[in-house]
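First comes the structure, then the notes that go with it.
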Amino acid sequence: MSRRRVFLIVLDSMGIGEAPDAEAFGDAGSNTLKTIAANKAFDTPLMKKIGLFNIDGVEKWADKIDKPIGAFGRLAESSMGKDTTIGHWEMAGIISKRPFPTYPEGFPNEVLDEFVKRTGRGVLCNKPYSGTEVIKDYGVEHMETGDLIVYTSADSVFQIAAHESIVDVDTLYEYCKIAREILQGEHGVGRVIARPFIGEFPNFTRTPKRHDFSLVPPKNTMMDVLVENGFDVYGIGKIYDIFAGKSIEHTQRIENNTDGMIKTIKMLDTDFNGLCFVNLVDMDMIYGHRRDIEGYAKAATVFDEQLNEFVKGMKDEDIVMITADHGCDPGYRGTDHTRECVPFLAYGKDIKEGANIKTRSTFADIAATIQEIFGVKQATEGTSFLNEIMR
């Protein structure tokens, strides 16, 4: 059995330019990386050294380097969506040909009536809304009535916001589990999300106790295959939530990107044989959706600094891969995700320097490549590019 550690780090929403079908999603011209790289706070020398600015498309507007130290490429999304769940599922080997349902007019009565009946609480809002604005506009009424703030977005999500003094966090999680049971089949949204908040009006603040309740993946993922073949699978950040815990044997929650990388760096001291799958959500949740270009640029800079610390601790057999699940261009119109290609970077002693995998047609190629790294029979979608990046 091949003995190796692969660290797959997802920079949530760090797209690198419009996907071939971006116009169909209303996202023509979006480019998250280009937007943040133009900000003075952006400084990612290590990712640049690995090959970030040599990737197809990126090299047209950025200063590529002559001798990258790692492998690099661009991945287009095949699934019909641009959200966290669909993006992660695809990189784990599941291509979703049908989009998850969205609710631009709010959820139908058949869903809400059952939810109210089972929770014993009324519902406020029920329409697409910014998460920070919805608690500002409905928080007081929620505290006065005890009704739950239910809202959605352009993504396939059913979000429940509640003040911790009105609904304790454990109870809010139970309400989300009820919603998850209701939201199946026709109304099977990608995620039900608990959004606890604290404070007093007008200074309500969302807490880090957010929790996502995803659908169970409908097919095998690369994690299922690895576990079935005796390899270890660790999740850091939202990974456990995104895959409904399926084949994520060990999980660690994180407070923010910095904490996520601290925990990832500490994993270098853990003796395991398999995959450590990491999601860093701040770039999307805090900076992308809020269209905070400078904040996003700073987050990328801090990540690069921590990545530098990480690679110094890597063992000879370790491989680190860096990618994203979709875009969320903070310089683009609106506040939603953007349909973009995503980067792929790989670094390690056994990774070829300057290996360019060009543009791949699906994120699922990552799953196929990781399965080949561990020498297991592929049981997911995607085509491995291992021979192109491995010495």
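Out of the stretch 31-48, which residues are surrounded by fewer than 18 Cβ atoms within 10 Å (Cβ to Cβ) and part of a helix (DSSP H, G or I)?
PRO45
Does any residue of the stretch 12-20 turn out to be part of a helix (DSSP H, G or I) and of a type in the set (Asp, Glu)?
no
How many residues does the stretch 277-304 contain that are hydrophobic (A, V, I, L, M, F, W, C), out of contact with any Ser or Thr (no Cβ under 7 Å at 6 or more places or on another chain) and closer than 19 Å to THR85 by Cα?
Total satisfying the criteria: 5.
Mind listing whichever residues of the stretch 68-80 are out of contact with any Gly (no Cβ under 8 Å at 6 or more places or on another chain) and touching a residue at least 24 places away in the same chain (Cβ under 8 Å)?
Listed by number, the residues that qualify are GLY73, LEU75, ALA76, SER78.
Out of (1) in contact with a helix residue (DSSP H, G or I) (Cβ under 6 Å, 6 or more places away or on another chain); (2) part of a loop (DSSP other than H, G, I, E, B), what's the single condition that is false for TYR103?
For TYR103, the failing item is (1).
Among (1) within 29 Å of ILE239 (Cα to Cα); (2) in the same structural domain as HIS163 (by TED's automatic domain parsing), which single condition is GLY120 missing?
(1)
Residue by residue through the stretch 161-200, note down the ones that are outside any helix (DSSP H, G or I) and polar (S, T, N, Q).
Passing the criteria: SER165, GLN184.
Considering only residues that are hydrophobic (A, V, I, L, M, F, W, C) and part of a strand (DSSP E or B), look in the stretch 145-160 and name the one that is farthest from TYR129 (Cα to Cα).
It comes out as LEU148.
Would you confirm whether or not the stretch 357-375 contains a residue that is in a loop (DSSP other than H, G, I, E, B) and farther than 28 Å from MET285 by Cα?
So far as the stretch 357-375 goes, yes, one or more of its residues are in a loop (DSSP other than H, G, I, E, B) and farther than 28 Å from MET285 by Cα.
Can you tell me which residue among GLY235, GLY288, GLY313, GLY295 is of a type outside the set (D, E, K, R), in contact with a Phe, Trp or Tyr (Cβ under 8 Å, 6 or more places away or on another chain) and farther than 21 Å from GLY15 by Cα?
Every option except GLY235 fails the conditions.
Quickly run through the stretch 130-169 and pick out the residues that are at pLDDT 95 or above and hydroxyl-bearing (Ser, Thr, Tyr).
Answer for the stretch 130-169, where residues must be at pLDDT 95 or above and hydroxyl-bearing (Ser, Thr, Tyr): TYR138, THR145, TYR151, THR152, SER165.
Do you know which of the residues in the stretch 132-159 that are of a type in the set (A, V, I, L, M, F, W, C) and in contact with a helix residue (DSSP H, G or I) (Cβ under 6 Å, 6 or more places away or on another chain) is farthest from ARG98 (Cα to Cα)?
Ranking the qualifying residues of the stretch 132-159, first place goes to ILE149.
Output the residues belonging to the stretch 335-355 that are of a type in the set (A, V, I, L, M, F, W, C) and under 23 Å from the mean Cα position of the chain (by Cα).
Across the stretch 335-355, the qualifying residues are CYS341, VAL342, PHE344, LEU345, ALA346.
Criterion first (surrounded by fewer than 21 Cβ atoms within 10 Å (Cβ to Cβ) and more than 15 Å from PRO196 (Cα to Cα)) does GLY120 satisfy it?
Yes.
Would it be correct to say that ASP12 is buried (at least 18 other Cβ atoms within 10 Å of the Cβ) and acidic (Asp, Glu)?
So ASP12 passes the test.
Restricted to the stretch 275-296, and to residues that are of a type in the set (A, V, I, L, M, F, W, C) and buried (at least 23 other Cβ atoms within 10 Å of the Cβ), which residue is nearest to LYS209 (Cα to Cα)?
If we take residues in the stretch 275-296 being of a type in the set (A, V, I, L, M, F, W, C) and buried (at least 23 other Cβ atoms within 10 Å of the Cβ), then LEU280 is nearest to LYS209 (Cα to Cα).
For VAL227, work out the one condition from (1) outside the structural domain of LYS377 (by TED's automatic domain parsing); (2) surrounded by 15 or more Cβ atoms within 10 Å (Cβ to Cβ) it doesn't fulfil.
Of (1) outside the structural domain of LYS377 (by TED's automatic domain parsing); (2) surrounded by 15 or more Cβ atoms within 10 Å (Cβ to Cβ), only one is false for VAL227: (1).
Taking the residues in the stretch 312-340 that are surrounded by fewer than 18 Cβ atoms within 10 Å (Cβ to Cβ) and touching a helix residue (DSSP H, G or I) at 6+ places or on another chain (Cβ under 8 Å) as candidates, determine which candidate is farthest from GLY288 (Cα to Cα).
Only one residue tops the list, namely LYS315.
Is it the case, given these coordinates, that PRO217 is assigned to a loop (DSSP other than H, G, I, E, B), touching a residue at least 12 places away in the same chain (Cβ under 8 Å) and either crowded, with 16+ Cβ neighbours inside 10 Å or not assigned by TED's automatic domain parsing to the domain that holds HIS337 (or both)?
So PRO217 passes the test.
Only one of ILE94, ILE36, ILE65, ILE16 is among the β-branched types (Val, Ile, Thr), touching a strand residue (DSSP E or B) at 6+ places or on another chain (Cβ under 7 Å) and in contact (Cβ under 8 Å) with a residue 12 or more places away in the chain. Can you tell me which?
That would be ILE16, the only listed residue that is among the β-branched types (Val, Ile, Thr), touching a strand residue (DSSP E or B) at 6+ places or on another chain (Cβ under 7 Å) and in contact (Cβ under 8 Å) with a residue 12 or more places away in the chain.
Which condition does LYS97 not pass, out of (1) surrounded by fewer than 14 Cβ atoms within 10 Å (Cβ to Cβ); (2) at pLDDT 95 or above, if it passes all the others?
Evaluating LYS97 over (1) surrounded by fewer than 14 Cβ atoms within 10 Å (Cβ to Cβ); (2) at pLDDT 95 or above leaves (2) as the failure.
The values are calculated or read from the model by the stated rules, or taken from the named source; none is laboratory data. Note that the structure is a prediction, hence the values are computed from the model and not measured. Backbone-built Cβ (ideal geometry, glycine too); neighbour counts: all protein chains shown.
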